[in-house]
Amino acid sequence: MNTESKDCFVVDGKLALPYQYFAGRTGSRFLISLRDEKKIKGLKCNKCNKVFVPPRSSCEKCFEDISNNWVDVASTGTVTGFTIIRYEEPHQPVKPPYIQALIKLDGADTPIVHIVKGVALTKMKTGIKVKAVFAKSTTATLMDIDHFKPVDEKPKFELGYTYDELEIGMSASFTKTISETDVYLFAGISGDFNPMHLNEEFAKLTPFGTRIAHGALPQSLIAPVLGMKLPGLGTVIPEITVRFRKPTYFGDTITATGEVVEKIEKKKWVRMELRWTNQKDELVAEGSCLAIPPAAFLKK
Ligand SMILES: [Zn+2]
């Protein structure tokens, strides 16, 4: 109460003022498709190709009536600006602090304002991709989208180098010691129980004087190079040739190396030179292969 005034009393009071707000024809259509179909719709100006989300019945650029040109836009978009709300007000949809962002949905030209969750306040930045998370129950408002969360932009698989990324001279290696166990396992896998790999007494009669690994065993060590390093995941090898130069004895440490030596522009394949060396740097085998690197579109 104001007791300063001499001539009249000033009485403090409060009025409850319930009101309804008519969303309008355009706003209603927007909210209904959000509520009933979980679809975000915009209005498109056919003259300037702009898509307005939230929708507006006339183009703000060319003043065209666009009230019937409804289009669907994606539920994913890009953050074009944001602020962190730290003060508390009774009307807020969530308890501060929270991120309020301008989000330009994919397919729209104008941003909507919404909440972003799932990002640390200190890590938030513009340009991140986000996706709408719809609310479990409807309120027939924009809060039918509960919030936006960051889209995991990491690809599921880290694919290898594409044709364009590969350069002549690039090389990669894989090294492994070939043990007796490896040889026995390989015998089981291949069905090759040749005694020169498994029977020391028989092997003594051969020019090598002792057991040696199957030729294909050290050869197979090029597979992790081509398939997982260079070109890497997603590569297909349509042709490989190998010339064996020296045996691989048990306990030898073999390094398989692949090097890009030619780019075949017409096919978008590469030719690679292959080498296998042992711990004494002796050439165990050499050869070449054709490699079809992962397609660029797979990386997206
Ligand atoms: Zn326009």
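Since every read-out is calculated from the coordinates, none of them should be taken as a lab result. Being a predicted model, the structure only gives us computed values, none of them experimental. Cβ placement follows ideal geometry from the backbone for every residue including glycine, while neighbour counts extend to all protein chains displayed.
Multiplying the residue separation of I237 and V71 by 0.36 nm and removing their Cα-Cα distance gives an extension gain of 55.3 nm.
Relative contact order, whole percent, for the range 129-242 stands at 25, derived from Cα pairs under 8 Å and 6 or more residues apart. Only helices enter the 222 nm calculation for the chain: every DSSP H run of n ≥ 4 contributes -39,500 (n - 2.57), and dividing by all residues gives -3500 deg cm²/dmol, rounded to 500. Restricting the range 127-168 to chymotrypsin sites (Phe, Trp or Tyr not before Pro) that sit in a DSSP loop and have at most 16 other Cβ atoms within 10 Å of their own Cβ leaves F157. A Cα-only calculation for the chain places Rg and Dmax at 34.1, 127 Å. Its Cα centre serving as origin, the range 171-299 has a Cβ charge dipole (Lys and Arg +1, Asp and Glu -1) of approximately 540 debye. Farthest toward the dipole's positive end in the chain, which of V73, S179, S220, given Cβ charges of +1 (Lys, Arg) and -1 (Asp, Glu) about the Cα centre? Towards the positive end, the residue furthest out is V73.
Once C-alpha pairs closer than 8 Å and six or more residues apart are averaged by separation and normalised to the residue number of the chain, the relative contact order reads 13 percent. Scoring 178-188, 265-275 by mean Cβ neighbours within 10 Å over their residues and listing the highest first yields 265-275, 178-188. In loop segments of the range 75-170 as defined by DSSP, the GluC sites (Glu not before Pro) with at most 10 further C-beta atoms inside 10 Å of their C-beta are E88, E153, E167. Among the chymotrypsin sites (Phe, Trp or Tyr not before Pro) in the range 20-75, those placed in a DSSP loop whose Cβ has at most 14 other Cβ atoms within 10 Å are Y21, F22, F63.
Given a cut-off of under 8 Å on Cα pairs at least six residues apart, what relative contact order in percent is computed for the range 171-299? Relative contact order of the range 171-299: 28 percent.
Axis angle, to the nearest 10 degrees, between helix 24-37 and the longest C-alpha principal axis of the chain: 40 degrees. Helix 180-190 and the longest principal axis of the C-alpha atoms of the chain enclose an angle of approximately 80°. Is the range 167-300 rounded, prolate or oblate when judged by the Cα gyration tensor, a ≥ b ≥ c being the square roots of its eigenvalues, rounded requiring a/c under 1.5 and prolate requiring a/b larger than b/c? In terms of gyration-tensor shape, prolate. Under the convention that each Lys and Arg Cβ holds +1 and each Asp and Glu Cβ holds -1, the size of the dipole of the chain around its Cα centre is about 880 debye. Residue pairs exceeding 20 angstrom between C-alpha atoms, taken from K61/K129; K131/K154; K229/K263; K95/K149; K95/K129; K41/K104: K61/K129; K95/K129. Taken over the alpha carbons of the range 24-150 as equal point scatterers, the Debye sum produces base-10 log I(q)/I(0) values at 0.14, 0.18, 0.20 Å⁻¹ of -0.62, -0.97, -1.13.
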